[in-house]
Amino acid sequence: MNTSRWRNGPHSNWGGPIRRAVVTGGCGFVGSHLCDDLLLDSDVEVVCVDNFLTSTGDNVVHCLSDDRFELLVHDVTEPIPVPGEVDLVLHLASPASPQDYLRLPVETLQAGSLGTFNALELARQKLARFVLASTSEVYGDPLQHPQQESYWGNVNPVGPRSVYDEAKRFAEAATTAYRTRHGVDTAIVRIFNTFGPRMRAEDGRAVPTFIRQALAGEPLTVTGDGSQTRSLCYVDDTVQGILAVAASSHPGPVNLGNPAETTVLELAHLVRDLSRSAAPIEFVARPVDDPGRRRPDITLAWEQFGWKPETDPRKGLSTTIDWFATQLNDTAARER
Ligand code: NAD
């Protein structure tokens, strides 16, 4: 049976169905969910390109038995050797959590620059649709709320977060140049904070940190006074948004995120409640350049693709907490 979702939309320079997608960073949190979703389509093959810089093969181990899935262990800062036809390149390879990019500043800049050029070059050679996974961090510490795609951002180019913010801003410029100079069918999605199963407990982002602490009965460490806001989107919704943009011919940039704003303190309380944990809340110093507010304006995604987050944040958090609890139990069982 043909279960392709790609038949009706223009999505590549060929105008045909997407049969073979390359997902760089496909072993990571968002990338592995994208691979899963693409493989739901019986017509699609997936080449996952990853060098395990901030992941292992664990997130895609269940895909390895599928002969439509191929894992290429490769650093995208080197030209990406994928023989055969490719219709879609989803470029996600980059350290993404603050802890990772602060630990790997040069690698982050290289993934955003050299890695993006190599992924764009692959798309150019294959006449493939290209989608860059950019980020709300391009808005820096924004002076406009909510952030629209037309906002240029407020980024400190020499601050500690600049390695990530500027790498992504460069990646957006490179993507735009390949579109104008080489006619590559590109798109840019600006992803806001996404959460869900397969995040790493130690990756430093608020949701996995609070869940890990709550499940261990340790204090939930809220930075500053916790009044800074985040807008949290469940990973299934983010994946649907990325694929909606991929299936179109829209160049973006397109914001993908949940406009519902939550303070970091509210989030800590919610995680604690949903985890049924009695752990206390502890206030710790706020990192330098930590953005005060983030909230996407998703009018464009709604008007162009009918996309908006569908998952109730409490439900998404509960699913994520359950997943982390299972992981912890499995680890404990292995250690016994
Ligand atoms: P992640 O760290 O879980 O995944 C990133 C993956 O890229 C990892 O598997 C890593 O090994 C791989 N990688 C890094 N450098 C590489 C290289 N040079 N060559 C090959 N592979 C490399 O991060 P994530 O949260 O899944 O984020 C994925 C993408 O989405 C990133 O580009 C990130 O900037 C973007 N994004 C994520 C979020 C979010 O909330 N998760 C928000 C905005 C943007």
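Structural remarks
- Condition broken by LEU34, with the remaining ones in (1) hydrophobic (A, V, I, L, M, F, W, C); (2) modelled with pLDDT of 95 or more; (3) in a loop (DSSP other than H, G, I, E, B) satisfied: (3)
- Test: residue in the stretch 88-98 that is out of contact with any helix residue (DSSP H, G or I) (no Cβ under 7 Å at 6 or more places or on another chain) and closer than 23 Å to THR180 by Cα: no
- Within the stretch 56-84, tally of residues that are touching a residue at least 60 places away in the same chain (Cβ under 8 Å) and either under 26 Å from SER248 (Cβ atoms) or part of a loop (DSSP other than H, G, I, E, B) (or both): 2
- Test: residue in the stretch 227-236 that is assigned to a loop (DSSP other than H, G, I, E, B), surrounded by fewer than 22 Cβ atoms within 10 Å (Cβ to Cβ), in contact with a strand residue (DSSP E or B) (Cβ under 9 Å, 6 or more places away or on another chain) and not charged (D, E, K, R): yes
- Criterion (touching a strand residue (DSSP E or B) at 6+ places or on another chain (Cβ under 6 Å) and either surrounded by fewer than 17 Cβ atoms within 10 Å (Cβ to Cβ) or part of a loop (DSSP other than H, G, I, E, B) (or both)) met by exactly one of GLU310, GLU282, GLU303: GLU282
- In the stretch 47-62, of all residues being more than 8 Å from the ligand (Cβ to nearest atom) and surrounded by fewer than 21 Cβ atoms within 10 Å (Cβ to Cβ), the one that is nearest to PRO95 (Cα to Cα) corresponds to THR56.
- Filter result (touching a Leu at 6+ places or on another chain (Cβ under 6 Å) and either hydrophobic (A, V, I, L, M, F, W, C) or at pLDDT below 95 (or both)) within the stretch 70-89: ILE80, VAL89
- SER249 farther than 22 Å from ASN154 by Cβ, polar (S, T, N, Q) and modelled with pLDDT under 95: yes
- Neighbours by Cβ (under 6 Å, 6+ apart or cross-chain): first from the stretch 194-210, more than 8 Å from the ligand (Cβ to nearest atom); second of a type in the set (Phe, Trp, Tyr): GLY196/TYR234; PRO197/TRP323; VAL207/PHE195
- For the stretch 88-117, a residue qualifies if it is surrounded by fewer than 24 Cβ atoms within 10 Å (Cβ to Cβ), farther than 14 Å from ALA173 by Cβ and polar (S, T, N, Q), and the qualifying residues are SER97, GLN99, GLN110.
- Within the stretch 227-239, considering residues that are in contact with a Phe, Trp or Tyr (Cβ under 8 Å, 6 or more places away or on another chain) and at pLDDT below 95, the one nearest to ARG293 (Cα to Cα): SER231
- Hits in the stretch 163-183 - residues which are touching a helix residue (DSSP H, G or I) at 6+ places or on another chain (Cβ under 9 Å), of a type outside the set (Lys, Arg) and surrounded by fewer than 23 Cβ atoms within 10 Å (Cβ to Cβ): VAL163, GLU166, PHE170, GLU172, ALA174, ALA177, TYR178, HIS182, GLY183
- In the stretch 298-336, the residues that are more than 20 Å from PHE195 (Cβ to Cβ) and either touching a residue at least 24 places away in the same chain (Cβ under 8 Å) or small (Gly, Ala, Ser) (or both): THR299, LEU300, GLN304, PHE305, GLY306, ALA332, ALA333
The values are calculated or read from the model by the stated rules, or taken from the named source; none is laboratory data. All values reported here derive from a predicted model rather than from experimental measurement. For neighbour counting, all protein chains shown are included, and Cβ atoms are generated from backbone atoms with ideal geometry for every residue, glycine included.
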